[in-house]
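Heads up: the structure comes next, in structure tokens.
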Amino acid sequence: MANLYKVIEIIGNSPVSYAEASKAAISEASKTVREISWYEVDNLGGKVKDGEVVNFQVKLKVSFKVIGG
């Protein structure tokens with residue numbers, strides 16, 4: 001039987017960088033989603049306060065293997 005994968009979207013935030021926001025999102029998702037195999041950056045954004053970037057936000061598409069599917 002061929003493998004079956006599902007794609008979901010998650011959003012991560014970090015006051016440091018987009019890379020840290022991605023790592024945080026994957027780390028948090030991995031607590032409840034098993035078999036995450038890849039991710040793709042879908043969108044970048046952030047928050048500006050008083051002319052300074054104070055938060056980085058990244059929307060990711062995450063794929064994981066469906067077990068027993």
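Descriptive notes on the structure:
- Of all residues in region 11-53, those satisfying the criterion of being among the aliphatic types (A, V, I, L, M) and either loosely packed, with under 15 Cβ neighbours inside 10 Å or within 23 Å of Gly68 (Cα to Cα) (or both) are Ile11, Val16, Ala19, Ile26, Ala29, Val33, Ile36, Val41, Leu44, Val48, Val53.
- Selected residue (only one of Asn55, Asn3 is polar (S, T, N, Q) and in a strand (DSSP E or B)): Asn55
- Cβ pairs under 6 Å, 6+ apart, first in region 1-21 and closer than 12 Å to Ile36 by Cα, second among the β-branched types (Val, Ile, Thr) and open to solvent by 80 Å² or more (accessible area, probe 1.4 Å): none
- Any pair with Cβ under 8 angstrom, 6 or more apart, that starts in region 39-60 at a residue that is over 14 Å from Lys23 (Cβ atoms) and ends at one that is not in a strand (DSSP E or B): Leu44/Tyr18; Val54/Pro15; Asn55/Pro15
The values are calculated or read from the model by the stated rules, or taken from the named source; none is laboratory data. All of these numbers come straight from a predicted model, not from anything done at the bench. FYI the Cβ positions are ideal-geometry reconstructions off the backbone, even for glycines, and counts take in every protein chain you see. These area figures cover heavy atoms from the full protein model, side chains too; ligands, DNA and RNA do not enter into them. Shrake-Rupley method; radii C 1.70, N 1.55, O 1.52, S 1.80 Å.
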